[in-house]
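The values are calculated or read from the model by the stated rules, or taken from the named source; none is laboratory data. Everything quoted here is computed from the prediction, not taken from an experiment. Neighbour counts run over all protein chains shown; Cβ positions are idealised from the backbone, glycine included. For accessibility, only protein heavy atoms count, side chains too; no ligands or nucleic acids. Shrake-Rupley method; radii C 1.70, N 1.55, O 1.52, S 1.80 Å.
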Amino acid sequence: MKTPLLLAAIAAGFVATGADAAGFGRDGGAMGRGMGPQMGPMMDFATLDANGDGSLTLEELQAAPANRFAAQDTNGDGALSADELTAAMVAEITARAEDRVNRMIGEFDENGDGLLQAEELPQPGGRMGRDPFERMFSHMDADEDGLVTAEEFETAMAEMGERRQGRGRGEGRGRHGN
């Protein structure tokens, strides 16, 4: 019973991380971070440097939202359909995932074979002190009986969602001060 709950919690974290990576800002909208509603998530320098000369002009920066829109409007009709938005988000999530995977392999591939064996992966609690599964379980186990009920799980997931959306700030970090 404990394993399915933990796996569900981990999956929820990946989904939330994926949504955040796709450009859904803290306000729940497709804003991204710091670039305004037309920009989406922070773009890389090479994309912003439209003429490829190694420097940015104000005009290139100002043109970036329109360029991004045009790239996402694959049928050229001047509007973004659900399919076009989905394709853009999937491409962005895929690129971020590929980058993260390459960094992980670079960091943890001790034998240099380009693959990660189980013994090469970081062990829970190895770098961050306490096992993250213990922290997560402790947070979810509201009555501290060593079991997480469906109700406790749902409450913890709702609290996590609220924190991700910026609500609940200043109210502590969960039931056990995590």
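Things to note:
- The conditions of being modelled with pLDDT of 90 or more and surrounded by 14 or more Cβ atoms within 10 Å (Cβ to Cβ) are met by Leu85.
- Leading residue by the ranking (farthest from Gly161 (Cα to Cα)) among those in the stretch 120-149 that are modelled with pLDDT of 90 or more, exposed (fewer than 15 other Cβ atoms within 10 Å of the Cβ) and charged (D, E, K, R): Asp145
- Only one of the numbered conditions (1) open to solvent by 80 Å² or more (accessible area, probe 1.4 Å); (2) modelled with pLDDT of 90 or more; (3) of a type in the set (A, V, I, L, M); (4) under 26 Å from the mean Cα position of the chain (by Cα) is not met by Leu58, and that is (4).
- Checked against the criterion of being under 25 Å from the mean Cα position of the chain (by Cα) and either surrounded by fewer than 12 Cβ atoms within 10 Å (Cβ to Cβ) or more than 17 Å from Ala46 (Cα to Cα) (or both), the candidates Ala66, Ala95, Ala79 yield just one match: Ala66.
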